[in-house]
Amino acid sequence: MGVSRSSPEKGISVVTVDYPPVNALPVRGWFALADAVREAGRDPEVRCVVLAAEGRGFNAGVDIKEIQATGRQALIDANQGCAEAFAAVYECETPVVAAVQGFCLGGGIGLVGNADAVVASEDAAFGLPELDRGALGAATHLARLVPQHLMRTMYYTGRTASAAELHGHGSVWRMVPRAQLPGAARELAREIAAKDGRLLRMAKSALNGIDPVDVRRSYRFEQGFTFEANLSGLADRVRDTFGKEEV
């Protein structure tokens, strides 16, 4: 359980998240994920990173129960951890391929939205249930996956979009049966890793440099409203309803 790294073949590093039962990451998990991705990107032998997960779904966001049990310090730490993990994916020196199965919610959107490419299983579903959890954030990253009006509708309603829908929008590179997901992600990573390593790193820097949105600053702006909701007590009232129904 936790975050691990493996090297299934030359030039590829796989960072895998495993926090049963639903990959809702505790504070330490977000920081561990950020560290693992940064370490992989700094490795001169790595030309592509695959971000994967074990279990039912890719990511269910932050561990709300940890925040409820620990209080506001856990919220501050979780928000900082998410910011670092999202930034680690975006700023990774090499391209990052996200391999998404099942549910990809909340913080999962932050990770996938900052990845360079997405491969998904046919059962994957993407969404931001933040308003139902007393939080705000990751619209920055959802906006990188779906068109503006769809992003807003998904954000306000908490509804999800399927892998097929995102494939239609062009944000999912390939959609495969779940059993084929690891192989499909590594196949794309292998194609990327076949390029010259120095040029790949230059390409990643160049593409980030021409991005119209500063994703780190944009996300931190969103997080300010999460803190406002918490300081006012509004978030606690909404969060208190969480856990009465399971994911």
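In table form, for the structure just shown:
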item	result
Candidate set: region 150-182, residues that are in a helix (DSSP H, G or I) and of a type in the set (A, V, I, L, M); chosen: the one nearest to Ala98 (Cα to Cα)	Leu181
Test for Val89: is it touching a residue at least 40 places away in the same chain (Cβ under 8 Å) and touching a Phe, Trp or Tyr at 6+ places or on another chain (Cβ under 9 Å)	no
Residue selected from region 21-43 under the condition assigned to a helix (DSSP H, G or I) and among the β-branched types (Val, Ile, Thr), by the criterion surrounded by the most Cβ atoms within 10 Å (Cβ to Cβ)	Val37
Region 208-238: number of residues that are in a helix (DSSP H, G or I), without any contact (Cβ under 8 Å) to a residue 12 or more places away in the chain and under 18 Å from Glu93 (Cβ atoms)	1
Index of the failed condition, Ser171 passing every other in (1) within 19 Å of the chain's Cα centre (by Cα); (2) under 22 Å from Val62 (Cβ atoms); (3) of a type outside the set (D, E, K, R)	(2)
Residue selected from region 9-20 under the condition assigned to a strand (DSSP E or B) and not small (Gly, Ala, Ser), by the criterion modelled with the lowest pLDDT	Glu9
Test: residue in region 59-70 that is outside any loop (DSSP other than H, G, I, E, B) and modelled with pLDDT of 95 or more	yes
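The values are calculated or read from the model by the stated rules, or taken from the named source; none is laboratory data. Quick caveat: nothing in here was measured; it's all calculated off a predicted structure. All Cβ positions, glycine included, derive from the backbone under ideal geometry; neighbour counts span all protein chains shown.
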